[in-house]
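Only one structure is covered here, and it is reproduced in the block below.
The values are calculated or read from the model by the stated rules, or taken from the named source; none is laboratory data. What you see is a predicted model; the values in this text were computed from it and never measured. A quick note on method: Cβ atoms are made from the backbone with ideal geometry, for glycine too, and the neighbour counts reach across all protein chains shown. Protein only, heavy atoms only, side chains kept; ligands, DNA and RNA dropped before computing areas. Shrake-Rupley method; radii C 1.70, N 1.55, O 1.52, S 1.80 Å.
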Amino acid sequence: MIRVDTPLPEFVNWPTFPFSGSLTVRPLEPPALPEPPRDGEEIANCRACQAHDDAYIWVDERWRVKATDQPPGLPLVLYLEPRMHLDLGDLPNLEAAELGLLTVRIERAMRSLPGVARVHVNRWGDGAAHLHFCFLARPAGALQLRGSFLSMWDDILPPISTHDWRENQSFVAAWLADQGGTSMLAS
Ligand SMILES: [Zn+2]
C-alpha cells in the first residue's frame with residue numbers, strides 16, 4: 001500500500017517536470033471493481049458518434065480528425081477517431097491498417113507546421129470509450145516541454161491566439177485532404 005510518506009520518484013527532479021515545491025504522493029485507493037462505465041460506452045450517449053462532421057477539421061469514409069474545443073497552449077492538439085464505435089483492440093484489419101497510415105500522415109503534417117519541432121501521439125482510453133488518438137505538437141526550442149509531461153504543459157501554458165490556432169488547423173486539414181478525404185475548413 002502506498003503511504004503518504006512514500007518517497008517521491010526521480011522524475012520530480014527532471015527539468016521537464018512542470019511543478020516545483022513541496023509535493024506528496026496521494027495514497028492509493030483500494031481497487032474499484034467492477035469498474036464504472038466510461039463516458040459514452042453506448043452509441044446513444046457517445047459524444048463522438050453523435051457529433052456531426054462539421055465538428056471536425058477533416059473527414060473521410062471511416063475516420064475523422066478534430067481539434068480541441070478551445071485554443072490549446074501548444075501550437076496544435078488534434079484527435080483522430082474512427083467513425084465506428086470501437087476501441088483500439090476491436091478495429092477490423094482495414095481500419096487497423098488505415099490507422100497506421102493516418103498516424104504517419106497527421107504526424108508529418110503537424111511536424112511541418114512552422115515552429116513545431118516534434119509531434120507526440122497519445123492513446124488513453126480511460127475517459128471516453130470511443131477510440132481517440134491524441135496528437136500534440138511541441139514548439140521548437142521548448143526543451144522544457146520534451147517528453148511525457150507535454151500534455152500537462154498544454155493545460156499550463158497560456159492559449160495560443162485564435163488566429164494561429166485556426167491557421168494551424170487549416171494547414172493540417174489541407175495536408176490530409178491532399179491524400180484523400182475532405183477538409184472541413186476549406187472555404
Ligand atoms: Zn462512439
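Details
- Extended-chain gain in nm, criterion 0.36 nm per residue less alpha-carbon gap, residue 143 and residue 14: 45.3 nm
- Accessible-area rank, largest first, for 154, 126, 164: 126, 164, 154, with all protein chains present and a 1.4 angstrom probe.
- Semi-axes of the equivalent ellipsoid of region 14-82 are 32, 24, 9 Å, computed as sqrt(5λ) over the eigenvalues of the C-alpha gyration tensor in descending order.
- Cα-based radius of gyration of the chain once divided by 2.2 N^0.38 Å, which approximates compact folds: 1.15
- With every protein chain in place, the chain: carbon and sulfur % of accessible area (1.4 Å): 54
- With all protein chains modelled, accessible area of residue 182 [1.4 Å, Å²]: 70
- Among residues other than residue 153 with Cβ under 14 Å from its Cβ, the summed charge is +1 (Lys and Arg +1, Asp and Glu -1).
- Restricting the chymotrypsin sites (Phe, Trp or Tyr not before Pro) of region 90-187 to loop positions (DSSP other than H, G, I, E, B) with no more than 10 neighbouring Cβ atoms within 10 Å leaves 124.
- Distance between the modelled labels on residue 44 and residue 178, one decimal in nanometres: 4.5 nm (7 Å Cα→Cβ projection).
- Of the whole protein surface, residue 184 contributes about 70 Å² of accessible area at a 1.4 Å probe radius.
- Distance between modelled label sites at residue 29 and residue 83, nm, 7 Å Cα→Cβ extension: 3.8
- Computed over protein heavy atoms with a 1.4 angstrom probe, the accessible surface ordering of 22, 170, largest first, is 22, 170.
- Amide proton proximity set for residue 57, modelled H, under 5 Å, gap of 5+: 65, 66, 67
- Positive-end residue, region 10-183 charge dipole about Cα centroid, Cβ charges, pick of 84, 181, 52: 181
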